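Contents: one structure, followed by commentary.
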Amino acid sequence: FDVGDDINLEKIKDDKTIDRRLVAPSKYFKNYHIPLAIELPRPHTQENSRCISTKLHNFGVVSLVYKIPFTESLDSLRAKINDIDNVYNEQSVLDAGVIFKQIKEYIKQPRFFHLRRSYVLIQINPESDTTDIVKFKSDHGSTIASILRFETETLSEYQKNDILDGAIGYFRGDLIIIDTEAAFVYDDEYEEFLDFFEFANIQQLELQYFDRVLDAQLNKVYKRETQSLPLKSFLPFVSDFTNDPIDDLGKLRVDISVITEQLENSVKFAGEPYYSELYQLLADKLELSNWKDSIKKKLTIVQDIRNVYQHKTDIVREDLLSVLVILLIAIELILGLLSYLK
């Protein structure tokens, strides 16, 4: 959930009414992206909601992870996956709403909520280390593909193959299939994967949010709803102490550029080619590059608009300076003539 411009994690740490959780930071994320883990406020306990992780991110995001036991067959999961997803999407809104009320005073421009994103990870413990993955995909591939698309019917061979062809694994009996809205993991050592899926989901959330903010700003320009420059903007020195559309566009561009750059460079996979491949596959399925390209193009347009404003301001300042010079010369001539006439 995107709940504001940013969250002051330091002040939340000092708030004794907010229970923190001790969680070892992942070695795969850089220091400037270490979220604050907290407990769900009572009476919304983790046991009641099956929420196993609640994190606050300094760029204005609340993320929740739910672990939902399911002991029936894959065919049964295919029939129930939509209902399960809907139930926990609604539960997440309730839980995030309780958290938002508790931390609202520490959020810059709070709003519940600007945007939200969810991603489903289906995990199965392998029956043995010698599982024939080729046979497993052959036997259950159609069902898995339908589950990942939240469909109750069997998909076409083309769609099924498109989903299954991107499967990867590290050991002989491992299997990971990643799709746009859900992933399937056939591996009992999956905990480290959760951080990657959570972070990629957050990345897409923030990129979507920034894309929406830029759209709104550009729509104002297209509809000629931008504010006219105030008179103070054209005065040297005085303009430094005023806010105008130039400042707003500049700050927007800087804020978005900084956060997107930090998000893009937060993950580090030195010496971990398998995890790097996994995360790249996840980023491709979530189309993070397309979102980034869209934002970069719009930031370029914002910069062009800012340059137009700045150019207009510079021209008016030059004209004002010219008028002042002319007035001074005229006053000097008038004073000279008056002195001569005396």
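The values are calculated or read from the model by the stated rules, or taken from the named source; none is laboratory data. Keep in mind that what you see is a predicted model, and the values were worked out from it rather than measured. Methodologically, a virtual Cβ is constructed for each residue, glycine included, from the backbone with ideal geometry; neighbour enumeration extends over all protein chains shown. Side chains included, ligands, DNA and RNA excluded: accessible areas come from the protein's heavy atoms. Shrake-Rupley method; radii C 1.70, N 1.55, O 1.52, S 1.80 Å.
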Failed item in (1) small (Gly, Ala, Ser); (2) modelled with pLDDT under 90; (3) part of a helix (DSSP H, G or I), with ALA79 passing the rest: (2)
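Here's the yes/no breakdown for (1) closer than 23 Å to ASP188 by Cβ; (2) assigned to a helix (DSSP H, G or I); (3) touching a helix residue (DSSP H, G or I) at 6+ places or on another chain (Cβ under 6 Å); (4) of a type outside the set (D, E, K, R):
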{"residue": "SER92", "(1), (2), (3), (4)": "no, yes, no, yes"}
{"residue": "SER128", "(1), (2), (3), (4)": "yes, no, no, yes"}
{"residue": "LYS135", "(1), (2), (3), (4)": "yes, yes, no, no"}
{"residue": "ILE144", "(1), (2), (3), (4)": "yes, yes, no, yes"}
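Looking at SER276, is it free of Cβ contacts under 8 Å to residues at least 40 places away in the same chain, under 25 Å from the mean Cα position of the chain (by Cα), exposed (fewer than 14 other Cβ atoms within 10 Å of the Cβ) and closer than 30 Å to LEU175 by Cα? Before the answer, list the steps.
Values: free of Cβ contacts under 8 Å to residues at least 40 places away in the same chain: yes; under 25 Å from the mean Cα position of the chain (by Cα): yes; exposed (fewer than 14 other Cβ atoms within 10 Å of the Cβ): no; closer than 30 Å to LEU175 by Cα: yes.
Against the criterion (free of Cβ contacts under 8 Å to residues at least 40 places away in the same chain, under 25 Å from the mean Cα position of the chain (by Cα), exposed (fewer than 14 other Cβ atoms within 10 Å of the Cβ) and closer than 30 Å to LEU175 by Cα), SER276 does not qualify.
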Residue list for the range 9-43, restricted to those being open to solvent by less than 60 Å² (accessible area, probe 1.4 Å) and either in contact with a strand residue (DSSP E or B) (Cβ under 8 Å, 6 or more places away or on another chain) or modelled with pLDDT of 90 or more (or both): LEU9, ILE12, ASP15, ILE18, TYR28, PHE29, HIS33, PRO35, LEU36, ALA37, ILE38, LEU40
Test: residue in the range 330-338 that is more than 24 Å from ILE259 (Cβ to Cβ) and surrounded by 13 or more Cβ atoms within 10 Å (Cβ to Cβ): no
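For the range 166-184, which residues satisfy the criterion of being touching a helix residue (DSSP H, G or I) at 6+ places or on another chain (Cβ under 8 Å), open to solvent by 20 Å² or more (accessible area, probe 1.4 Å) and assigned to a loop (DSSP other than H, G, I, E, B)?
So in the range 166-184, the residues touching a helix residue (DSSP H, G or I) at 6+ places or on another chain (Cβ under 8 Å) come out as 166-170, 172-184.
Still in the list and also open to solvent by 20 Å² or more (accessible area, probe 1.4 Å): 166-170, 172, 174, 180-181.
Passing the criteria: GLY166, ALA167, GLY169, TYR170, ARG172, ASP174, THR180, GLU181.
Among the residues of the range 256-284, what is the count of those that are in a helix (DSSP H, G or I) and in contact with a helix residue (DSSP H, G or I) (Cβ under 9 Å, 6 or more places away or on another chain)?
The number of residues fulfilling the criteria is 12.
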Residue satisfying all of: in the range 53-96; crowded, with 16+ Cβ neighbours inside 10 Å and among the small types (Gly, Ala, Ser); farthest from ALA145 (Cα to Cα) among these: GLY60
The range 206-236 - residue that is surrounded by 14 or more Cβ atoms within 10 Å (Cβ to Cβ) and part of a loop (DSSP other than H, G, I, E, B) and, of those, modelled with the lowest pLDDT: THR226
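May I ask you to say which residue of ILE202, ILE163 is more than 20 Å from SER63 (Cα to Cα), assigned to a helix (DSSP H, G or I), open to solvent by less than 80 Å² (accessible area, probe 1.4 Å) and at pLDDT 90 or above?
Numbers: ILE202 fails: more than 20 Å from SER63 (Cα to Cα).
After applying the criteria, what remains is ILE163.
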Contacts under 7 angstrom Cβ, first residue in the range 284-311 being more than 18 Å from ASP215 (Cα to Cα), partner open to solvent by 50 Å² or more (accessible area, probe 1.4 Å) and not in a helix (DSSP H, G or I), 6 or more apart: LYS285/THR180; LEU286/THR180
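Could you pull out the residue among ILE147, ILE103 that is farther than 26 Å from ILE176 by Cα, in contact with a strand residue (DSSP E or B) (Cβ under 7 Å, 6 or more places away or on another chain) and surrounded by 13 or more Cβ atoms within 10 Å (Cβ to Cβ)? If you could, list the steps in order and put the result at the bottom.
Values: ILE147 fails: farther than 26 Å from ILE176 by Cα.
Criteria check complete, one pass: ILE103.
Is it true that LYS135 is free of Cβ contacts under 8 Å to residues at least 24 places away in the same chain and surrounded by 13 or more Cβ atoms within 10 Å (Cβ to Cβ)?
Details: free of Cβ contacts under 8 Å to residues at least 24 places away in the same chain: yes; surrounded by 13 or more Cβ atoms within 10 Å (Cβ to Cβ): no.
Criteria not met by LYS135.
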